[in-house]
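The values are calculated or read from the model by the stated rules, or taken from the named source; none is laboratory data. Remember, predicted model here, so these are calculated numbers, not experimental data. FYI the Cβ positions are ideal-geometry reconstructions off the backbone, even for glycines, and counts take in every protein chain you see.
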């Protein structure tokens with residue numbers, strides 16, 4: 001009798017344990033969701049800071065550019081980044097060794113990240129193995145002004161200052177049942193986290209130092225660019241968008257420009273292979289987990305000297321870029337004055 005009682009006790013414990021640990025159906029679930037507001041705010045700020053930094057970080061070159069990047073992370077999540085930039089530069093006539101300029105820029109970026117899967121603690125069996133996706137779309141209009149000063153033979157420095165308006169749309173797609181359940185219990189989360197927008201203004205001082213040195217049949221070039229930006233939200237749809245973001249970028253490029261001995265419509269063609277390194281600091285580094293990217297590219301250049309001091313060369317080329325867990329390419333159309 002005692003043995004039967006013990007067996008009955010173990011069977012009862014097994015049944016209760018199975019009932020407690022088995023996933024429930026959506027129509028019979030009743031759970032108490034404990035929301036960690038501090039963690040949600042931290043994650044939201046990270047996404048918004050990342051969005052505010054993307055535009056300047058990947059589109060600082062003065063050229064029409066289209067780029068595409070993919071990322072694979074250690075936690076199993078992956079991401080992609082699409083970039084488009086259209087600059088309209090206006091260079092004024094040189095006065096002595098100084099040439100002022102104004103540059104208007106439209107930029108668009110789309111960052112998509114697949115989130116890591118939920119673990120076995122989620123209460124809905126329909127959610128097992130599923131992953132949600134976050135998409136951040138950024139539209140930006142910017143104005144940058146500065147001057148290029150040729151202060152010595154083959155040496156020039158170009159200080160500049162920019163201001164930009166950026167609209168960021170943050171949306172979470174393919175929501176799981178647990179996410180919908182949370183929104184039902186806390187409707188404000190839809191506006192705050194899952195489908196929200198922020199508008200921000202960015203100020204961005206920068207400086208570029210250039211060296212051109214004749215070598216063999218061509219010219220060796222070295223450019224060092226430093227750009228820092230400060231962004232602040234002035235309008236937010238959700239309560240977690242009231243943030244500021246600070247990022248800095250250093251960009252180093254070494255190139256060799258030499259003639260091909262060929263012509264295109266009676267215009268001389270040159271080729272310019274280049275190698276670059278870009279380092280990211282501040283909120284961009286925190287948001288993407290990215291410290292350094294290396295770039296390897298090639299430009300084809302056509303001399304156009306029919307427009308006097310305003311336009312001298314057109315270039316078309318592309319490059320391959322690689323960083324920690326992030327690889328991509330970009331193509332661009334540029335011009336020199």
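Before moving on, here are some points about what is shown:
- Candidate set: the range 170-209, residues that are in contact with a strand residue (DSSP E or B) (Cβ under 6 Å, 6 or more places away or on another chain) and part of a helix (DSSP H, G or I); chosen: the one modelled with the highest pLDDT: 194
- Of the residues making up the range 148-157, those that are over 14 Å from residue 222 (Cβ atoms) and touching a residue at least 24 places away in the same chain (Cβ under 8 Å) number 4.
- When residue 247 is tested against (1) free of Cβ contacts under 8 Å to residues at least 60 places away in the same chain; (2) within 26 Å of residue 323 (Cα to Cα), just one condition goes unmet, and that condition is (1).
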